[in-house]
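The values are calculated or read from the model by the stated rules, or taken from the named source; none is laboratory data. If you're wondering where the values come from, they're calculated on a predicted model, not measured in any experiment. As a convention, Cβ positions derive from the backbone with ideal geometry for all residues, glycine included, and neighbour counts pool all protein chains shown. Heavy atoms of the whole protein, side chains included, go into the accessibility calculation; ligands, DNA and RNA do not. Shrake-Rupley method; radii C 1.70, N 1.55, O 1.52, S 1.80 Å.
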Amino acid sequence: MGRIEIEPSSSGLRKGDEVRVMSGRDKGKTGRVLSIDPRTRRITVEHANIIKRHTRADSSKNVKGGVVEREGSIAISNVMLVCPACNKHARLGHKVKPDGTKVRVCRRCGTTLEK
């Protein structure tokens, strides 16, 4: 049997966006997007879903051993984008400008989210 290819679907979120966690242990926390995995539909958010990783000391890589706290991934469906204009969590939409470029827009207030 061949491997089933899962088509990565785009959520519209990008690295560096400000998001709010909507469900789970860290519900209500906001943070920047650190990484996105479109294949598994998971996202890593700054200061959310902190996990403890037990690491062994490795002198060749100059790594100290011990318990390291770092961010774990969250399902992309459990976060919402925080609009920089209205400062509220909102859904994401797309609009095509007259020159043909596609931009992301806030569904709540209608402002463009491009820098």
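Restricting to the stretch 39-65, give me the number of residues that are charged (D, E, K, R), exposed (fewer than 15 other Cβ atoms within 10 Å of the Cβ) and closer than 19 Å to Gly16 by Cβ.
The qualifying residues number 1.
Name the one entry in Lys61, Lys29 that is over 20 Å from the mean Cα position of the chain (by Cα) and of a type in the set (Lys, Arg).
Matching residue, one of Lys61, Lys29: Lys61.
Report, by residue number, each residue of the stretch 80-109 that is under 19 Å from Gly28 (Cα atoms) and of a type outside the set (A, V, I, L, M, F, W, C).
Answer for the stretch 80-109, where residues must be under 19 Å from Gly28 (Cα atoms) and of a type outside the set (A, V, I, L, M, F, W, C): Pro84, Asn87, Lys88, His89, Arg91, Arg108.
Which condition number does Asn87 fail, the rest of (1) on the phi > 0 side of the Ramachandran plot; (2) of a type in the set (S, T, N, Q); (3) open to solvent by less than 50 Å² (accessible area, probe 1.4 Å) being met?
(3)
Could you give me the residue pairs with C-beta distances under 7 Å whose first residue belongs to the stretch 89-105 and is touching a residue at least 24 places away in the same chain (Cβ under 8 Å) and closer than 12 Å to Gly12 by Cβ, whose second residue is in a loop (DSSP other than H, G, I, E, B) and open to solvent by 100 Å² or more (accessible area, probe 1.4 Å) wherever it lies, and which are 6+ apart or on separate chains?
Filtered contacts from the stretch 89-105: Leu92/Arg107.
Sort out which residues of the stretch 66-77 are open to solvent by 50 Å² or more (accessible area, probe 1.4 Å) and closer than 29 Å to Thr111 by Cβ, and write them in order of number.
Ser77
If I go through the stretch 95-115 residue by residue, how many of them are under 18 Å from the mean Cα position of the chain (by Cα) and open to solvent by less than 100 Å² (accessible area, probe 1.4 Å)?
We begin by selecting, within the stretch 95-115, every residue under 18 Å from the mean Cα position of the chain (by Cα); these are 104-106, 113-115.
So of that shortlist, the ones also open to solvent by less than 100 Å² (accessible area, probe 1.4 Å) come out as 104-106, 113-114.
Residues in the stretch 95-115 being under 18 Å from the mean Cα position of the chain (by Cα) and open to solvent by less than 100 Å² (accessible area, probe 1.4 Å): 5 in total.
Quickly run through the stretch 1-28 and pick out the residues that are of a type in the set (A, V, I, L, M, F, W, C), open to solvent by 50 Å² or more (accessible area, probe 1.4 Å) and modelled with pLDDT of 70 or more.
Scanning the stretch 1-28 gives a single hit, Met22.
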